[in-house]
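Below is one structure, written out as structure tokens; comments come after it.
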Amino acid sequence: MITATHFHAMIIHFPIALLIVGFLSEIISFIVRSIFFRKVALYLLIVGTIGTIAAFFSGNAAADGMEEGVMGKAIALHEQAAVFSLWFTIVTAFAYTAIWFFKYNKTWARMACLILFAVAITAIFRTGYLGGQLVYKHGAGVELALPNFNEP
């Protein structure tokens, strides 16, 4: 049976990858001045933001009941980072969408959005690092049982 912890682990990697590739696409669009890469960056940012929202709520469900002790402190730190990442990603997506929708192509506005995107990616990296610490250092979501090899 799939639990909230399994579901969180299954979906969290998609928004991370989408946002990183979207950020790289935006950098490429600045270098080669390509509208294609700007569109790719916008679409990946939007889809990655939706994935970030799903990952946040699945992570909240996975952390229910683990508020005590060292694990609770590590989860609280990861959750704080996730809240910051979530809101910063949403703000970045709205800023990019507004610039695209209103066709406001001033260089300073695009650079400001690129900086927002960079901060969002940095926040995502930090959140992912803290999530990795939960699993690999504290054993969160790890089932500590060996399979029964005697069963057919």
message: For the structure I just gave you, tell me whether Met10 is open to solvent by 50 Å² or more (accessible area, probe 1.4 Å), at pLDDT below 90 and outside any helix (DSSP H, G or I).
response: no
Odd one out for Ala81, checked against (1) more than 19 Å from Leu114 (Cβ to Cβ); (2) out of contact with any Leu (no Cβ under 6 Å at 6 or more places or on another chain); (3) surrounded by fewer than 20 Cβ atoms within 10 Å (Cβ to Cβ): (2)
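Please find, among Val47, Val40, Val70, the residue that is of a type in the set (A, V, I, L, M) and surrounded by fewer than 16 Cβ atoms within 10 Å (Cβ to Cβ).
Val70
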field: Selection count where residues are more than 18 Å from Leu18 (Cβ to Cβ), under 17 Å from the mean Cα position of the chain (by Cα) and of a type in the set (Gly, Ala, Ser), scope the range 64-86
entry: 2
- prompt: Which residues, taken from the range 16-37, are of a type outside the set (Phe, Trp, Tyr), open to solvent by less than 60 Å² (accessible area, probe 1.4 Å) and under 15 Å from Ala118 (Cα atoms)?
  reply: Ile16, Ala17, Leu18, Leu19, Ile20, Gly22, Ser25, Glu26, Ile27, Ser29
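Go through the range 98-110 residue by residue and tally those that are open to solvent by less than 80 Å² (accessible area, probe 1.4 Å) and under 17 Å from Arg33 (Cβ atoms).
Going residue by residue through the range 98-110, those that are open to solvent by less than 80 Å² (accessible area, probe 1.4 Å) are 98-100, 109-110.
Keeping just the survivors that are under 17 Å from Arg33 (Cβ atoms) gives 99-100, 109-110.
Total meeting the criteria: 4.
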- line: Apart from one, (1) open to solvent by less than 40 Å² (accessible area, probe 1.4 Å); (2) at pLDDT below 90 all hold for Thr127; the odd one out is (2)
message: I want to confirm something. Restricting to the range 76-133 and keeping residues that are out of contact with any helix residue (DSSP H, G or I) (no Cβ under 9 Å at 6 or more places or on another chain) and outside any helix (DSSP H, G or I), which single residue is nearest to Val40 (Cα to Cα)?
response: Lys103
- request: Tell me which residues, restricted to the range 51-75, are part of a helix (DSSP H, G or I) and at positive phi.
  value: Gly69
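The values are calculated or read from the model by the stated rules, or taken from the named source; none is laboratory data. Values in this document were obtained by computation on a predicted structure and should not be read as measured data. Because the Cβ atoms are built from the backbone with ideal geometry, glycine has one as well, and the counts that use them run over all protein chains shown. Just the protein is used for accessible areas: all its heavy atoms, side chains included, with ligands, DNA and RNA removed. Shrake-Rupley method; radii C 1.70, N 1.55, O 1.52, S 1.80 Å.
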